[in-house]
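The values are calculated or read from the model by the stated rules, or taken from the named source; none is laboratory data. Keep in mind that what you see is a predicted model, and the values were worked out from it rather than measured. Don't worry about glycine lacking a Cβ; one is built from the backbone with ideal geometry, like all the others, and counts go over all protein chains shown.
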Amino acid sequence: MTTYPLERQSSARTRSRRELLVAAGFLGPFLILALVFQYGPLALMVRDSFFDYTLITPENKTFIGVDNFVRLFTDSQTVQSIIVTLLLAAGVVVITIPLAFLLAIFLNGQLPARGAVRTMVFLPVITSSVVVATMWTFLLNENGLINSALGAVGIPPQPFLTSPTQALPSFIVLTVWQQLGMATVLYLGGLQSLPGDVMEAARVDGANTLQRLIHVTIPLMSRTTVLVVVVITVFALQSFAPAYIMTGGAPNGTTNTLVHLIYETAFQLQQPGYASAVSLLLLVIALGISLIQMRLLRTRWNY
């Protein structure tokens, strides 16, 4: 009679081991790839940030301690790149969030060929950043399509990519155009998951369309807004192709984003140690901004 509990315990342990093996079989390949291609390089980057060397002779490394990190905040070019990157991210988020929300509300309605319209909105997201930057170069250069259209109405050509005051705003518009579809699709998913009984109750209580939007839809979409803000911010902080293809960081460094600075420092100036330190700074900035955003935008609504 006393053997049954022991048999049940043994069977439970066997089942638990089997489940662990199955889980390890599914997770193992992903964990190995993450270790090799993500966490391993990250550890090497942290190590290299304390050294001074070149890619031509990587074996001749000189340990310099925290000098690279001190240089981050004393080098004027790096400080300028930090400011440019933060301004780019802020501009993209401020413009993208309201536009994506309104566009998602529009696409959530009864539209003819709604699937085709959604595909067109999302198409820039899946288009290569190199292709997007090249296309916008043709649009924004001195003899491009936009200046031709402006000339047709009597407006002189604008130095979109060569003016210190217009180059960064042009990058912001480009990035918004490319990332608007991603934010819209995320908002659209949030709208379609809203509880119908809450919306119906607000309608029965006499709330009009604007009141339902302000007092019901926007509060219930706050969790989706947190996700959208964080995702768009991270994408904007990683901007590289526009600076590399369209301006090379010019004019006067006003479009030299941190990722472009990392590329220049590592492969053109042959200072991969300092580039590793800048990469760590970018990682800390992205994590810090994301945590602050989630803290400020946290919500008490659940559905």
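Is it the case, given these coordinates, that Ala113 is exposed (fewer than 12 other Cβ atoms within 10 Å of the Cβ) and at pLDDT below 95?
Answer is yes for this residue.
Between a residue in region 53-71 that is more than 21 Å from Leu282 (Cα to Cα) and any residue that is hydrophobic (A, V, I, L, M, F, W, C), which pairs come within a Cβ distance under 9 Å, given they are 6 or more apart or on different chains?
Listed pairs, sorted by first residue: Leu55/Ala266; Leu55/Phe267; Lys61/Phe51; Thr62/Phe51; Phe63/Phe50; Phe63/Phe51.
Restricting attention to region 65-123, and to residues there that are within 24 Å of the chain's Cα centre (by Cα) and of a type in the set (Gly, Ala, Ser), which single residue is nearest to Gln179 (Cα to Cα)?
Ala100
Anything in region 280-303 that is modelled with pLDDT under 90 and part of a helix (DSSP H, G or I)? List them, or say none.
Residues satisfying the conditions are Gln293, Met294, Arg295, Leu296.
Filter region 189-242 down to the residues that are over 20 Å from the mean Cα position of the chain (by Cα), within 29 Å of Val92 (Cβ to Cβ) and part of a loop (DSSP other than H, G, I, E, B) and list them by number.
Listed by number, the residues that qualify are Ser193, Leu194.
Take Phe171 and decide whether it is crowded, with 18+ Cβ neighbours inside 10 Å, under 18 Å from Tyr244 (Cα atoms) and in the same structural domain as Ala104 (by TED's automatic domain parsing).
Spelling it out, Phe171 is indeed crowded, with 18+ Cβ neighbours inside 10 Å, under 18 Å from Tyr244 (Cα atoms) and in the same structural domain as Ala104 (by TED's automatic domain parsing).
Checking Arg17 against (1) touching a Gly at 6+ places or on another chain (Cβ under 6 Å); (2) over 30 Å from Ile218 (Cα atoms): exactly one of these is not met. Which one?
Result: Arg17 passes all but (1).
Hey, among Arg47, Arg71, which residue is in a helix (DSSP H, G or I), touching a Phe, Trp or Tyr at 6+ places or on another chain (Cβ under 7 Å) and among the charged types (D, E, K, R)?
So the residue among Arg47, Arg71 that is in a helix (DSSP H, G or I), touching a Phe, Trp or Tyr at 6+ places or on another chain (Cβ under 7 Å) and among the charged types (D, E, K, R) is Arg71.
Would you confirm whether any residue within region 33-51 is within 23 Å of Gly249 (Cα to Cα) and surrounded by 10 or more Cβ atoms within 10 Å (Cβ to Cβ)?
Checked region 33-51: no residue is within 23 Å of Gly249 (Cα to Cα) and surrounded by 10 or more Cβ atoms within 10 Å (Cβ to Cβ).
Suppose we keep only residues that are among the small types (Gly, Ala, Ser) and surrounded by 12 or more Cβ atoms within 10 Å (Cβ to Cβ) within region 93-110. Which one would you say is farthest from Thr225 (Cα to Cα)?
Ranking the qualifying residues of region 93-110, first place goes to Ala104.
Picking from Gln38, Gln80, which residue would you name as being over 21 Å from Glu264 (Cα atoms) and assigned to a helix (DSSP H, G or I)?
Gln38
Could you grab me the full set of residues in region 75-110 that are among the aromatic types (Phe, Trp, Tyr) and touching a residue at least 40 places away in the same chain (Cβ under 8 Å)?
Phe101, the sole residue that qualifies.
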